[in-house]
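The structure appears below as structure tokens.
The values are calculated or read from the model by the stated rules, or taken from the named source; none is laboratory data. Computed from a predicted model, the values in this text were never measured in an experiment. Cβ placement follows ideal geometry from the backbone for every residue including glycine, while neighbour counts extend to all protein chains displayed.
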């Protein structure tokens, strides 16, 4: 079998995944990537033929050096990498490669349908892909942690509130100050998502990823797919697309 290694280096963690064709074999999530992590992860499977990574951090050269020790062909996703979708963003050189990979991952699963691709992580991105595979743009907003931190930092008396693991959704209105802040933050994301979905073409399918995807999916009133491996899936799809060109 020909294996592909993908690494999605986010703001708070890195997701390492191994693929055999379109099948996810294994994955790990680490705060940071080291040679020891990659060596241990790959030890049961052998050396992958291809590896691709995307990163929102400034440590891209370090990642390249690490991955090159354990994979034959290593590439970093850039704005010039050939893609199975078209990028119609006015400034493609400023488009985050994690957003590109997520869009490709959604397209890989739902080609032929208009898509709203939402990554609810440190920041929340809302991106649109047309039915014929054109990335036409999107928006960026603060995620849950950033919203709660900003409420505390830029007001005189609102407390520092930790992001809860589980939220009580018996009411959409807060019953004290912490719950008012938490529900205000989460329903702010839900409201934005619903607004974007309502303004996209009929039949648009929503694909959610990121740490808050599962929570958000409970609160929307339309069909959506939660795919925690969306960015990794997109990276793998870009590898196979370039292999077969």
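If you go through the range 102-144 one residue at a time, how many are crowded, with 21+ Cβ neighbours inside 10 Å, touching a strand residue (DSSP E or B) at 6+ places or on another chain (Cβ under 7 Å) and under 13 Å from residue 209 (Cβ atoms)?
Counting residues in the range 102-144 that are crowded, with 21+ Cβ neighbours inside 10 Å, touching a strand residue (DSSP E or B) at 6+ places or on another chain (Cβ under 7 Å) and under 13 Å from residue 209 (Cβ atoms) gives 14.
Of all residues in the range 76-95, which are in contact (Cβ under 8 Å) with a residue 60 or more places away in the chain and surrounded by fewer than 23 Cβ atoms within 10 Å (Cβ to Cβ)?
Passing the criteria: 81, 82, 83, 84.
Can you tell me which of 131, 141, 103 is more than 16 Å from the chain's Cα centre (by Cα) and either within 16 Å of residue 197 (Cα to Cα) or part of a loop (DSSP other than H, G, I, E, B) (or both)?
131
Within the bounds of the range 194-203, is there any residue that is more than 17 Å from the chain's Cα centre (by Cα) and closer than 25 Å to residue 56 by Cα?
Among the residues of the range 194-203, at least one is more than 17 Å from the chain's Cα centre (by Cα) and closer than 25 Å to residue 56 by Cα, which makes the answer yes.
Determine which member of the set 15, 59 is farther than 21 Å from residue 106 by Cβ and either at pLDDT below 95 or touching a strand residue (DSSP E or B) at 6+ places or on another chain (Cβ under 6 Å) (or both).
59
Give 98, 149 a once-over and let me know the one that is in contact (Cβ under 8 Å) with a residue 12 or more places away in the chain and not in a loop (DSSP other than H, G, I, E, B).
Among 98, 149, only 98 is in contact (Cβ under 8 Å) with a residue 12 or more places away in the chain and not in a loop (DSSP other than H, G, I, E, B).
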